Amino acid sequence: MDMLGLVNRALRSFLRDMQSDSLWQQVAGDCALGPEPFEALLPYEDALSYAILTAASERLNRPEAAILEDFGQWLVTSQTGLPLRRLLRFGGRSFTDFLWSLEELPDRARLAFPLIRLPDVRLSEGREATFVLRCAEPFAFTPILKGVIDVMADDYGALILSEAVPAASGGGEIRVQLHLDNFTTGQRFDLAGERL
């Protein structure tokens with residue numbers, strides 16, 4: 001599955017915002033990238049995205065999964081990510097509604113960007129407000145989605161504990177324990193004049 005340049009550009013912006021332009025220059029040098037290496041709507045080999053991630057991991061001395069989780073958080077907290085965060089709030093009135101709406105995420109992403117392909121996501125609910133999100137390959141999507149979920153829990157005012165782990169069948173799982181759906185008041189969200 002090729003990555004759109006849009007994804008690589010977001011990764012570049014994340015590394016610049018969260019660390020420094022100097023870090024990006026080092027990573028770009030490690031990967032032999034030019035000054036403007038990505039066209040937003042052109043596809044690029046997955047291997048290039050993974051090379052950027054590996055170079056960043058080595059430069060920061062941090063696990064790749066931790067960087068991806070931070071990237072997911074950045075996607076919905078940065079100034080450029082605010083429209084995405086708002087779009088995700090259309091998932092429902094509660095954090096539980098939001099979790100169930102994630103099954104529709106790949107289709108909703110294609111509505112906005114027809115060329116983008118997100119892995120399938122399936123949710124199951126267990127006892128005592130435990131949820132398991134199963135993400136199809138690649139595993140890299142799983143920690144990104146975990147970062148998004150953690151931010152959105154705060155947005156909804158929910159208190160959760162989450163963990164991303166590789167799945168035996170490939171891809172990954174995000175295990176979410178929902179302790180309180182209304183731990184805080186959450187962020188204001190208005191839809192057609194009605195607060196959600």
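The values are calculated or read from the model by the stated rules, or taken from the named source; none is laboratory data. Keep in mind it's a predicted model, so treat the numbers as computed, not measured. Heads up, the Cβs are rebuilt from the backbone with ideal geometry, glycines too, and the neighbour counts pull from every protein chain shown. When the accessible area is computed, the model is the full protein with side chains, heavy atoms only, and any ligands, DNA or RNA have been set aside. Shrake-Rupley method; radii C 1.70, N 1.55, O 1.52, S 1.80 Å.
Total residues in region 29-65 satisfying the condition of being of a type in the set (A, V, I, L, M), at pLDDT 85 or above and open to solvent by 30 Å² or more (accessible area, probe 1.4 Å): the figure is 7.
Restrict the check to region 139-160 and report whether at least one residue is touching a helix residue (DSSP H, G or I) at 6+ places or on another chain (Cβ under 6 Å), touching a residue at least 40 places away in the same chain (Cβ under 8 Å) and of a type in the set (D, E). No, the conditions are met nowhere in region 139-160. When R93, R85, R134, R89 are screened for being open to solvent by 90 Å² or more (accessible area, probe 1.4 Å), over 19 Å from R175 (Cα atoms) and either touching a strand residue (DSSP E or B) at 6+ places or on another chain (Cβ under 8 Å) or touching a residue at least 24 places away in the same chain (Cβ under 8 Å) (or both), only R93 passes.
Residue check: L6 meets all listed conditions (1) open to solvent by less than 40 Å² (accessible area, probe 1.4 Å); (2) of a type in the set (A, V, I, L, M); (3) more than 22 Å from R134 (Cβ to Cβ) but one, namely (1). Among residues of region 25-48 that are part of a helix (DSSP H, G or I), those with a beta-carbon under 7 Å from a residue that is open to solvent by 90 Å² or more (accessible area, probe 1.4 Å) and modelled with pLDDT under 85 at least six positions away or on a different chain give the pairs D46/M1. If the condition is being within 23 Å of Y156 (Cα to Cα) and either in contact with a strand residue (DSSP E or B) (Cβ under 7 Å, 6 or more places away or on another chain) or open to solvent by 90 Å² or more (accessible area, probe 1.4 Å) (or both), then region 108-125 contributes V121, R122, L123, S124, E125.
Taking region 6-21 as the range and being polar (S, T, N, Q), at pLDDT below 90 and part of a helix (DSSP H, G or I) as the test, only N8 passes. Quick check: anything in region 73-85 out of contact with any helix residue (DSSP H, G or I) (no Cβ under 8 Å at 6 or more places or on another chain) and under 14 Å from A153 (Cα atoms)? For region 73-85, residues out of contact with any helix residue (DSSP H, G or I) (no Cβ under 8 Å at 6 or more places or on another chain) and under 14 Å from A153 (Cα atoms): absent. Just need a number here: residues in region 137-154 that are in a helix (DSSP H, G or I) and either open to solvent by 10 Å² or more (accessible area, probe 1.4 Å) or at positive phi (or both). Looking only at that region, the number is 7. What do you reckon, is N8 polar (S, T, N, Q), closer than 23 Å to K146 by Cβ and out of contact with any helix residue (DSSP H, G or I) (no Cβ under 9 Å at 6 or more places or on another chain)? Against the criterion (polar (S, T, N, Q), closer than 23 Å to K146 by Cβ and out of contact with any helix residue (DSSP H, G or I) (no Cβ under 9 Å at 6 or more places or on another chain)), N8 does not qualify. Scanning region 163-173 for residues that are open to solvent by 20 Å² or more (accessible area, probe 1.4 Å) and free of Cβ contacts under 8 Å to residues at least 60 places away in the same chain, which turns out nearest to R122 (Cα to Cα)? Only one residue fits best here, namely E173.
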